[in-house]
1. When you look at residue 62, is it in contact with a Lys or Arg (Cβ under 9 Å, 6 or more places away or on another chain) and open to solvent by 70 Å² or more (accessible area, probe 1.4 Å), yes or no?
2. What is the residue count in region 30-56 for residues that are open to solvent by less than 90 Å² (accessible area, probe 1.4 Å) and either in contact (Cβ under 8 Å) with a residue 60 or more places away in the chain or assigned to a helix (DSSP H, G or I) (or both)?
3. Which pairs do you get when a residue that is farther than 19 Å from residue 44 by Cβ and open to solvent by 40 Å² or more (accessible area, probe 1.4 Å), found in region 1-29, comes within reach of a residue that is at pLDDT 75 or above and β-branched (Val, Ile, Thr), reach meaning Cβ atoms under 7 angstrom, with the pair 6+ apart or on two chains?
4. So residue 64 clears everything in (1) part of a loop (DSSP other than H, G, I, E, B); (2) without any contact (Cβ under 8 Å) to a residue 12 or more places away in the chain except one condition, right? Which one?
Amino acid sequence: RRPARAAAQLLHGGGTGANSANRWFDKALQFIVGEDGTCGIIYDQAVIDGAAVADMADHVLDYWWAGL
């Protein structure tokens, strides 16, 4: 998994031949989990939402690390 490929997967789903048809680009918050294990969060960049999304991401990562 190269960083550029992971970024393309997270930002636009990899194009029409990949996962773009399975994405909702008009939503404020998206959790992306790819078949190859690539995962991430995309959200609207509003200042008011930043702290809440960061807390949620920390919670998800803590839960994931606890399971290892």
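The values are calculated or read from the model by the stated rules, or taken from the named source; none is laboratory data. If you're wondering where the values come from, they're calculated on a predicted model, not measured in any experiment. Virtual Cβ from ideal backbone geometry, glycine too; neighbours counted across all protein chains shown. For accessibility, only protein heavy atoms count, side chains too; no ligands or nucleic acids. Shrake-Rupley method; radii C 1.70, N 1.55, O 1.52, S 1.80 Å.
1. Spelling it out, it is not the case that residue 62 is in contact with a Lys or Arg (Cβ under 9 Å, 6 or more places away or on another chain) and open to solvent by 70 Å² or more (accessible area, probe 1.4 Å).
2. 7
3. Once the first residue is farther than 19 Å from residue 44 by Cβ and open to solvent by 40 Å² or more (accessible area, probe 1.4 Å) and sits in region 1-29, its partners that are at pLDDT 75 or above and β-branched (Val, Ile, Thr) give 1/38.
4. Of (1) part of a loop (DSSP other than H, G, I, E, B); (2) without any contact (Cβ under 8 Å) to a residue 12 or more places away in the chain, only one is false for residue 64: (1).
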